[in-house]
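Working notes, beginning with the structure itself.
Nothing in this text is a laboratory measurement; each read-out follows from the coordinates by a stated rule. Because the structure is a prediction, the values reported are computed rather than measured. With ideal geometry, Cβ positions are generated from the backbone for all residues, glycine too; neighbour counts draw on all protein chains shown.
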Amino acid sequence: MGEVAADTVLSVGAAAARLGVAPETLRSWGRRYGLMPSMRTDGGHRRYTSDDLALLFRMQQLVGGGVTPARAARAVQTPGSGSDSGSDLVPEAGPRRRPGGPGGRVLAVPGASAEVRGLARAASRLDAEALHGILGDLLAERGAIATWDQVLRPLLIAAGLRWAQTGEGIDIEHLLSESTINALRLHCGVQRRPLPGRPVLLSGSPEDLHVLPLHVIAAALAERRTPVRTLGARVPLPVLESAIRRTGASAVFLWRQLLNETDRLDLAPTRPPLLVVVGGPGWEGVDLAPGTRVAHTLAEAVDLLSSAPR
Ligand code: B12
């Protein structure tokens, strides 16, 4: 197995992330087949131990190989059958599924945590439901900044590298991006209402489709109850200037991933003045207007934007 430390004690979300299945799948395995977490915290929350997780890994392998969940659950719970339980089981019907899903290998994320590897498996199977569920739970447990830095960034970098090295995996990149945006939006929606005041505008650059950092900033600001408007990808500068005027924004953040755009950024002056923050590798060598701040990390961007006078 190799993925489970002897003293592992995990919440449903963390266990699901390690397995690369939706948290709801684990809940239903518990309800239907008795594969429940065997520990409870002092506060009454259920927790999976390393032994529970070993059973779940085996269960997932069998189900992934085409065995029905009911048969797989019986096999893994048979007393004394050991970690090889179920090895004589054959798929109910159809061809055996490969772990990478149709046509693909599992996305490699060298040196990654067990959770990142679990998510990589879900992404490689194009399992949007699992990705969305796992990300939702991680966001609720850790918040937007930690989920981005610890989990999403390593995964996205691996997806980008795979594409650069093999030309493959654009489907994985798209699915991962969509699931990430969906989970981040949902996370925004469950926060307390933003405090009143001038909003922060988040914008992509004119020729650039890359906007994930905007959505993660929006989620981190929503946690801080800062009002936000996310404009999304490919926003022409005159459109951005008009949105700044119409919303009375306190600050604007521009993400630029790609290098091949204009070499100047000079937004029309506003009254009251606007905090302009830029982030992303695409700003290298660009002539920025005086006063423009450059954020190098998500946390830095969030700190700057949430401190703009509202
Ligand atoms: C997701 C993704 C896509 C998605 C975007 C979906 C969406 N809605 O955003 C899709 C599939 C649409 C896409 C399209 C393309 N992509 Co793309 N994509 C990516 C991927 C995997 C993640 C992008 C991302 O969000 N990066 C943000 C984080 C994860 O990157 P990072 O390296 O950790 O971040 C650095 C900093 O930005 C900073 N940082 C990290 N997080 C944050 C957050 C904030 C707020 C701040 C301020 C700083 C910060 O720290 C790091 C050190 O510099 C990257 C791989 C990568 N490594 O970025 C490729 C990547 C950016 N894409 C690339 C390319 C070439 C393309 C395409 C041209 C071709 C293609 N792959 O299909 C098209 C471009 C179309 C266009 N006109 O825009 C290249 C760019 C190469 C280059 N040097 O310019 C990359 C790097 C892949 C690669 N390894 O080659 N892409």
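For the range 152-177, backbone nitrogen atoms closer than 14 Å to the point 7 Å from GLU141 Cα along Cα-to-C-beta are found at 152. Positive end of the dipole of the chain (Cβ unit charges, origin at the Cα centre): among HIS45, LEU135, TRP148, the Cα lying farthest that way belongs to HIS45.
Panel order for MET59, MET39, by other beta carbons found within 10 Å of each beta carbon, from fewest to most: MET39, MET59.
Near MET36: Cβ cut-off under 13 Å, other residues only, Lys/Arg at +1 and Asp/Glu at -1. The net charge is +4. Given +1 at the Cβ of Lys and Arg, -1 at the Cβ of Asp and Glu and no other charges, the dipole of the chain around its Cα centre is 940 debye to the nearest 20.
Among ALA251, LEU195, THR166, whose Cα projects farthest towards the positive end of the dipole of the chain, with charges put on the beta-carbon of Lys, Arg (+1) and Asp, Glu (-1)? Value: LEU195. An oblate overall shape is assigned to the range 177-280, the ratio a/c of its alpha-carbon gyration tensor axes (a ≥ b ≥ c) being 1.5 or greater and a/b not exceeding b/c.
Excluding LEU267 itself, what net charge comes from residues whose Cβ is under 12 Å from its Cβ, given Lys and Arg +1 and Asp and Glu -1? Summing Lys/Arg as +1 and Asp/Glu as -1 gives 0. Relative contact order of the chain: 13 percent, from C-alpha pairs under 8 Å at least 6 residues apart in sequence. Which net charge results for the neighbourhood of ALA218, defined as the other residues with beta-carbon distances under 14 angstrom from its beta-carbon, given Lys and Arg at +1 and Asp and Glu at -1? Computed value for this residue: +3.
Which percentage, to the nearest 5, of the DSSP beta bridges contained in the chain is antiparallel? Can you show the working numbers first?
Numbers: 4 of 23 bridges.
Around 15 percent of the beta bridges assigned by DSSP in the chain are antiparallel ones.
Starting from the alpha-carbon convex hull of the chain, give the projected area averaged over all orientations, in nm². It would help to have the intermediate numbers written out before the result.
Numbers: hull surface 73.8 nm².
Its average projected convex-hull area is 18.4 nm².
Over the chain, dividing the summed -39,500 (n - 2.57) contributions of all DSSP H runs of at least 4 residues by the number of residues returns a 222 nm mean residue ellipticity of -14000 deg cm²/dmol.
Please identify the DSSP H helices in the chain that span no less than 18 Å along the helix axis (Cα) and have a mean Kyte-Doolittle hydropathy of -0.5 or more. Walk me through the numbers on the way to the answer.
On the way: long enough: 50-64 (21 Å, 0.41); 128-142 (21 Å, 0.41); 153-166 (19 Å, 0.37); 170-189 (28 Å, 0.27).
Sorted by number, the helices that extend far enough and score high enough are 50-64, 128-142, 153-166, 170-189.
Please work out whether the range 101-222 counts as rounded, prolate or oblate from its C-alpha gyration tensor, where a ≥ b ≥ c are the square roots of the eigenvalues and a/c under 1.5 means rounded, while otherwise a/b larger than b/c means prolate and anything else oblate? The shape class here is prolate.
Only loop residues by DSSP count here, and only those with at most 14 other Cβ atoms within 10 Å; note down the trypsin sites (Lys or Arg not before Pro) in the range 116-218 that meet that. Please report the intermediate quantities before stating the final value.
On the way: sites: ARG117, ARG121, ARG125, ARG142, ARG162, ARG185, ARG192; in loops: ARG125, ARG192.
Passing both the DSSP loop test and the Cβ count: ARG192.
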